[in-house]
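Inspection log for the structure reproduced underneath, given as structure tokens.
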Amino acid sequence: MSLIAGSYEKFIWGYKLKPLKSHSSSNHKTLTLTQLFSYPSHISPITTVAVSGSAAASGSNDDTIHLYDLSSSSSLGSLLHDHTSSVTSLSFYTPQNLSFPRNLLSASADGFVSIFDADPFVLLKSFKVHKKGINDLAVHPSGKLALTVGRDQCLAMVNLVRGRRSYYHKIGKEAALIKYDASGDKFFMVSEEKIGVHDAEDAKLLCELEGNKRVLCATPGENGVLFTGGEDRNITAWDTNSGKVAYCIEDAHTARVKGIVVLSKNSDGDATDDPHLVASASSDGVIRVWDVRMAFKEKPIPLAEAKTNSRLTCLAGSSIKSFKRPQVGNSASKEQNAGMEDL
């Protein structure tokens with residue numbers, strides 16, 4: 001199981017989560033975050049990271065996307081596709097029957113969405129979706145569509161099969177984040193401290209959650225749970241079915257929480273994977289791993305932590321298996337393909 005974090009200081013940080021020891025009598029596990037790599041992979045602050053299996057990617061204000069192979073802790077260089085603006089969001093699409101991502105999607109501050117094949121990494125299509133910059137992008141579990149929100153106060157739906165925008169709607173406020181739940185039946189849209197829970201079929205607002213301060217990161221868990229973090233320095237688990245807080249780890253960090261990853265159970269039953277584990281990263285430079293069941297205690301203690309001494313901006317994670325190494329190809333070789341017809 002690996003975590004990758006980006007920082008304002010242009011550094012990329014890679015860690016592997018390992019069990020240190022286990023006490024069979026109490027089923028207690030002690031975990032450790034072992035550093036895989038750390039170096040300045042961009043020439044401007046890193047804005048977004050994404051992980052799927054052993055493939056990882058980072059985007060930056062330097063208009064580039066950098067690729068990594070986590071299984072060998074190696075850098076694969078930058079994608080051969082020059083963005084004309086900052087990369088604001090990255091997302092892999094991995095079909096359920098595959099162990100390696102099929103596509104990488106990126107969104108940028110000039111309103112464009114780009115679709116890449118992931119084997120090898122080559123550009124399929126890049127097209128305009130928003131009039132202003134895109135703040136976030138979420139890929140549906142089917143891989144056939146994606147949702148984006150932008151600085152133009154609009155929500156857009158992208159047809160990933162045809163490679164074009166299929167829906168564009170003014171929502172009257174700027175949303176910073178958008179996420180699908182695990183089933184794809186609902187999506188969550190974050191604006192300041194408010195979180196809208198919507199039906200994915202018709203975008204109907206089902207309920208609205210309201211935090212104490214601005215929400216800066218969000219990720220869905222199991223059974224309708226949504227984890228959020230932000231300026232309140234807490235990790236909050238929302239029950240999106242009831243619209244109430246399920247539990248909260250207060251003061252999880254000494255500064256704002258900038259990234260949360262749910263470390264779900266691996267299909268092969270890897271002992272390091274636990275459905276109750278959640279990782280968080282903060283601008284205080286610390287990455288922590290929590291057993292969320294401890295949230296019901298007075299003061300939960302992280303199972304593992306790593307101090308980067310940098311201002312972290314984003315976090316992503318994945319379980320590691322034996323995958324073939326990704327390749328970086330010439331983006332011009334497949335640029336003539338209109339979309340992802342192979343889905």
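The values are calculated or read from the model by the stated rules, or taken from the named source; none is laboratory data. Treat the numbers as computed from the prediction; the structure is a model and nothing was measured. Ideal geometry is used to build each Cβ from the backbone, glycine not excepted, and the neighbour counts take in all protein chains shown. With ligands, DNA and RNA removed, areas are computed over all heavy atoms of the protein, side chains included. Shrake-Rupley method; radii C 1.70, N 1.55, O 1.52, S 1.80 Å.
Filtering region 294-313 down to residues that are touching a strand residue (DSSP E or B) at 6+ places or on another chain (Cβ under 9 Å) and not hydrophobic (A, V, I, L, M, F, W, C), which residue is farthest from Pro45 (Cα to Cα)? It comes out as Pro300. Only one entry in Phe92, Phe127 is in a strand (DSSP E or B), surrounded by fewer than 17 Cβ atoms within 10 Å (Cβ to Cβ) and modelled with pLDDT of 90 or more, namely Phe127.
When region 42-63 is filtered for residues that are more than 27 Å from Val161 (Cβ to Cβ), open to solvent by 10 Å² or more (accessible area, probe 1.4 Å) and of a type in the set (Ser, Thr, Tyr), the ones remaining, listed by number, are Ser44, Thr47. Return yes or no: is Leu33 surrounded by fewer than 24 Cβ atoms within 10 Å (Cβ to Cβ), touching a Phe, Trp or Tyr at 6+ places or on another chain (Cβ under 6 Å) and either charged (D, E, K, R) or assigned to a strand (DSSP E or B) (or both)? When the stated conditions are applied, Leu33 passes them. Six or more apart or on different chains, Cβ under 6 Å: which pairs go from a residue in region 61-90 that's within 14 Å of Phe121 (Cα to Cα) to one that's surrounded by fewer than 22 Cβ atoms within 10 Å (Cβ to Cβ) and of a type in the set (Val, Ile, Thr)? Could you list them? The qualifying pairs are Leu76/Val328; Gly77/Val328; Ser78/Thr64.
Taking strands (runs of 3 or more DSSP E) as the structural unit, those lying wholly within region 171-269 and holding at least 2 residues that are touching a helix residue (DSSP H, G or I) at 6+ places or on another chain (Cβ under 7 Å) and at pLDDT below 95 correspond to 244-249. Contact map, region 159-174: residues that are over 12 Å from Val129 (Cβ atoms) and open to solvent by 50 Å² or more (accessible area, probe 1.4 Å) paired with residues that are polar (S, T, N, Q) and at pLDDT 95 or above, Cβ distance under 9 Å, separation 6+ or inter-chain. Pairs shown: Lys170/Gln153; Gly172/Gln153; Lys173/Gln153; Lys173/Ser191; Glu174/Asn135; Glu174/Gln153; Glu174/Ser191. Cβ-Cβ contacts under 6 Å between residues 6 or more apart (or on different chains), taken from a first residue in region 106-125 that is within 16 Å of His66 (Cβ to Cβ) to a second residue that is hydrophobic (A, V, I, L, M, F, W, C) and open to solvent by 30 Å² or more (accessible area, probe 1.4 Å), are listed as Phe121/Val328.
Could you check, for region 154-167, whether at least one of its residues is under 27 Å from Ile115 (Cα atoms) and of a type in the set (Ser, Thr, Tyr)? Among the residues of region 154-167, at least one is under 27 Å from Ile115 (Cα atoms) and of a type in the set (Ser, Thr, Tyr), which makes the answer yes. Looking only at region 270-288, residues that are in a loop (DSSP other than H, G, I, E, B), at pLDDT 80 or above and either closer than 23 Å to Asp181 by Cα or open to solvent by 10 Å² or more (accessible area, probe 1.4 Å) (or both) come to 3 in all.
Can you name the residue in region 144-170 that is in a strand (DSSP E or B) and polar (S, T, N, Q) and, of all such residues, is farthest from the chain's Cα centre (by Cα)?
Start the filter on region 144-170 by keeping residues that are in a strand (DSSP E or B), which leaves 145-150, 154-159, 164-170.
The next check asks that each one be polar (S, T, N, Q); those that pass are 148, 159, 166.
Numbers: Thr148: 14, Asn159: 20, Ser166: 24 Å.
Per the criteria, the residue is Ser166.
Just one of the numbered conditions (1) touching a Gly at 6+ places or on another chain (Cβ under 8 Å); (2) at pLDDT 90 or above; (3) open to solvent by 10 Å² or more (accessible area, probe 1.4 Å); (4) over 30 Å from Lys173 (Cα atoms) is not true of Tyr68: (3). Name the residues in region 130-158 that are open to solvent by 40 Å² or more (accessible area, probe 1.4 Å) and either of a type in the set (A, V, I, L, M) or on the phi > 0 side of the Ramachandran plot (or both), would you? Leu145, Gln153, Met157 - these are the residues of region 130-158 that are open to solvent by 40 Å² or more (accessible area, probe 1.4 Å) and either of a type in the set (A, V, I, L, M) or on the phi > 0 side of the Ramachandran plot (or both). Within region 302-336, the set of residues being in a loop (DSSP other than H, G, I, E, B), open to solvent by 60 Å² or more (accessible area, probe 1.4 Å) and at pLDDT 90 or above comprises Asn309, Arg311. Cβ separations smaller than 8 Å between residues 6+ apart or across chains give the following pairs from region 192-203 residues that are farther than 14 Å from Leu147 by Cα to residues that are part of a loop (DSSP other than H, G, I, E, B) and basic (Lys, Arg): Glu192/Arg214; Glu193/Lys213; Glu193/Arg214.
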